[in-house]
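One structure is given below, encoded as structure tokens.
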Amino acid sequence: MRGASANARATLVEHLDEVLDAVSAKAAATLGNELFAVAGLLDSEPGLRRTVTDPATPGEARAELIGRILADRVSDPTAEAVRTAVARRWSASRDLADSLEHAGALAHVAAADDAGRLDEVEDELFRFGRIVAGNRELREVLAARSTPVEGRQQLVDGLLSGKATPETRSLAVQAAAGRHRSMAAGLQEFGRIAAQRRDRAVATVTVARPLTARQTTKLGDALAAEYGRQVHLNVIVDAAVLGGVRVEIGDEVIDGTMHTRLEIVRRRLTG
């Protein structure tokens, strides 16, 4: 996100940080759910979305309009956050809904942090993403545009009921709304937001056998020293790598697995 939209999102996040510092974890969760709902409203009403982002209309007028629409439908902190966002200039109409969803995720992450559940949320989002990736039938149902959004979200909520933190359930249900290129992409984005709450990077580590606690600590310390910040490790055990470690952090890949080394040798021999 660039230009006017980037500045508008920054203003929204700054406003949200002030609100979250003053409310309880329960109120933060309510704020998150309501921001998700407003993002969904804008997705379903393109005419409204264009109206509240129309640069030809003064920001105050747009904010007043959305305030009237949301009156008695959301809490005061949510209404104020949305008015703050709508009053800003946006480069593209969709950027507003994207930023409200981003703000909703920040609110749920803050609620998890206040409740001491942030580590659990990061781990649960990653593990659920792996479950979705490994279950073709589930993946296809969640990706099918013929399946109503409400149906996809109810399915995800049912799968996680009693098995995940409230924040993970809310974030995963939102990831099923179809706003991202895939369910996995939505979960990954929300996991990244959770990691950023503590200024941590996220590393996906693939190994042939589970790491011991000592190995996990050593790897985490080594990556923290390399990247200058704490690194949250999401570990995947895959016997196909044979040995060694593959680490992915953002767009960077450090591949020291035996499988990759053998493949390089094979290519050289056959080339």
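Figures for the structure shown
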quantity	calculated
Helices (runs of 4 or more DSSP H) contained entirely in the range 1-62, each with at least 3 residues that are under 19 Å from HIS102 (Cβ atoms)	3-20, 25-44
Count of the range 222-242 residues which are among the small types (Gly, Ala, Ser) and surrounded by 13 or more Cβ atoms within 10 Å (Cβ to Cβ)	1
Out of ARG246, ARG169, ARG198, ARG181, sole residue that is of a type in the set (D, E, K, R), within 28 Å of ALA110 (Cα to Cα) and either touching a residue at least 60 places away in the same chain (Cβ under 8 Å) or touching a strand residue (DSSP E or B) at 6+ places or on another chain (Cβ under 6 Å) (or both)	ARG198
Leading residue by the ranking (surrounded by the most Cβ atoms within 10 Å (Cβ to Cβ)) among those in the range 195-215 that are part of a strand (DSSP E or B) and in contact with an Asp or Glu (Cβ under 6 Å, 6 or more places away or on another chain)	THR206
Candidate set from the range 34-70 (those that are of a type in the set (Asp, Glu) and over 10 Å from VAL86 (Cα atoms)); member that is farthest from the chain's Cα centre (by Cα)	GLU45
Given (1) more than 22 Å from ALA177 (Cβ to Cβ); (2) at pLDDT 95 or above; (3) not basic (Lys, Arg), number of the condition ALA39 does not satisfy	(1)
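Condition check ((1) assigned by TED's automatic domain parsing to the domain that holds LEU42; (2) under 17 Å from ARG9 (Cα atoms); (3) loosely packed, with under 12 Cβ neighbours inside 10 Å) across all residues:
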residue: PRO58; (1), (2), (3): yes, no, yes
residue: ALA61; (1), (2), (3): yes, no, no
residue: LEU65; (1), (2), (3): yes, no, no
residue: ILE69; (1), (2), (3): yes, no, no
residue: GLU80; (1), (2), (3): yes, yes, no
residue: ARG83; (1), (2), (3): yes, yes, no
residue: ALA87; (1), (2), (3): yes, yes, no
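The values are calculated or read from the model by the stated rules, or taken from the named source; none is laboratory data. Everything numeric in this text was worked out from a predicted model, so none of it was measured. As a convention, Cβ positions derive from the backbone with ideal geometry for all residues, glycine included, and neighbour counts pool all protein chains shown.
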